[in-house]
Amino acid sequence: MRITSSFTVDAAPDQVFAYLLDVNQVVGCVPGAELAEVVDSQTFRGRLKIKVGAVQVAYQGTASIREVVEEDTSATVTIEGEGREIGGQGSVRAGLVLTVAATPQGGSEVRLETDLTVTGRIAQFGRGAIEDVSSRLIDQMGRCIGSRLQAAPTGGRAAG
C-alpha cells in the first residue's frame, strides 16, 4: 500500500535535511523506535514497536539509505527497510522517499511517500487502520523534529 504524508518544520531545508540524515537524531523522534546498531554510514539495524487496535507488535530489522539527491530548492533521500515480527510470523517491508523543500514562510515541508507491505497480525486491520497509525507516527515525528530543531542553535545563519 502507498501512504503519502507531510509535515512542516520552522527551520531551513538544509538544516532539516541534515537532521533527517542523522539516524541517531531521527530515531529519538519516532515513537516506539530503537536503534540497535549502525552497520555503516548507510545501513542501520533497529526495532520498532507499534500498536494497531488492541494488538501491539514489535519488529526487528534493517534500513538502508539508497540514494541522496540535493538540489537548489529541495533534497531527497530514498530509504529501504525490512523487518520481521519478534515472536511472530509477520513482516514489514517499506520503501520511503523523504523530500525536504522550502516553504514560502521560510521553513521546510517534509513530504514522505511510503510503499508499505505488511504481513501477519497487523495486516488483518486493513489499510485504514494502518494509515491511521502511520499518520499518527509521522505527526509525532514531525512535531519532535520541529521542536528539536527550533531548540538547537542555528549556527549564526544569515538572513537571505
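The values are calculated or read from the model by the stated rules, or taken from the named source; none is laboratory data. Please read these numbers as outputs of a predicted model, since none were measured by experiment. All Cβ positions, even for glycine, are placed from backbone atoms using ideal geometry, and neighbour counts span all protein chains on display.
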Mind telling me which of the residues G156, G87 ends up being at pLDDT below 90, over 17 Å from the mean Cα position of the chain (by Cα) and either assigned to a strand (DSSP E or B) or loosely packed, with under 14 Cβ neighbours inside 10 Å (or both)? G156
Please enumerate the residues belonging to the stretch 44-55 that are exposed (fewer than 14 other Cβ atoms within 10 Å of the Cβ) and modelled with pLDDT of 90 or more. K49
Of residues in the stretch 98-132 being β-branched (V, I, T) and closer than 26 Å to A12 by Cβ, the one modelled with the lowest pLDDT: T114
Among the residues of the stretch 1-15 satisfying the criterion of being among the polar types (S, T, N, Q) and part of a strand (DSSP E or B), which is surrounded by the fewest Cβ atoms within 10 Å (Cβ to Cβ)? T4
Matching residues in the stretch 77-108 - criterion: being of a type in the set (D, E) and closer than 17 Å to G32 by Cα: E82, E85
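Among S108, S91, S64, which is of a type in the set (S, T, N, Q) and closer than 19 Å to G128 by Cα? So that I can check it myself, show each step before the final result.
On the way: S108 fails: closer than 19 Å to G128 by Cα; S64 fails: closer than 19 Å to G128 by Cα.
Step by step, each of S108, S91, S64 is checked, and only S91 is of a type in the set (S, T, N, Q) and closer than 19 Å to G128 by Cα.
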The conditions are (1) modelled with pLDDT of 85 or more; (2) part of a helix (DSSP H, G or I); (3) within 14 Å of I50 (Cβ to Cβ), and S135 fails exactly one of them. Which is it? (1)
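Okay, residues lined up against (1) in contact (Cβ under 8 Å) with a residue 40 or more places away in the chain; (2) assigned to a strand (DSSP E or B); (3) surrounded by 16 or more Cβ atoms within 10 Å (Cβ to Cβ):
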| residue | (1), (2), (3) |
| --- | --- |
| T99 | no, yes, yes |
| E113 | yes, yes, yes |
| I122 | yes, no, yes |
| G126 | no, no, no |
| A129 | yes, no, no |
Just a yes or no: is a residue in the stretch 25-39 under 15 Å from T78 (Cα atoms) and either assigned to a loop (DSSP other than H, G, I, E, B) or at pLDDT 90 or above (or both)? no
Sort out which residues of the stretch 32-72 are farther than 18 Å from T114 by Cβ, among the β-branched types (V, I, T) and either touching a His at 6+ places or on another chain (Cβ under 9 Å) or in contact (Cβ under 8 Å) with a residue 40 or more places away in the chain (or both), and write them in order of number. V55
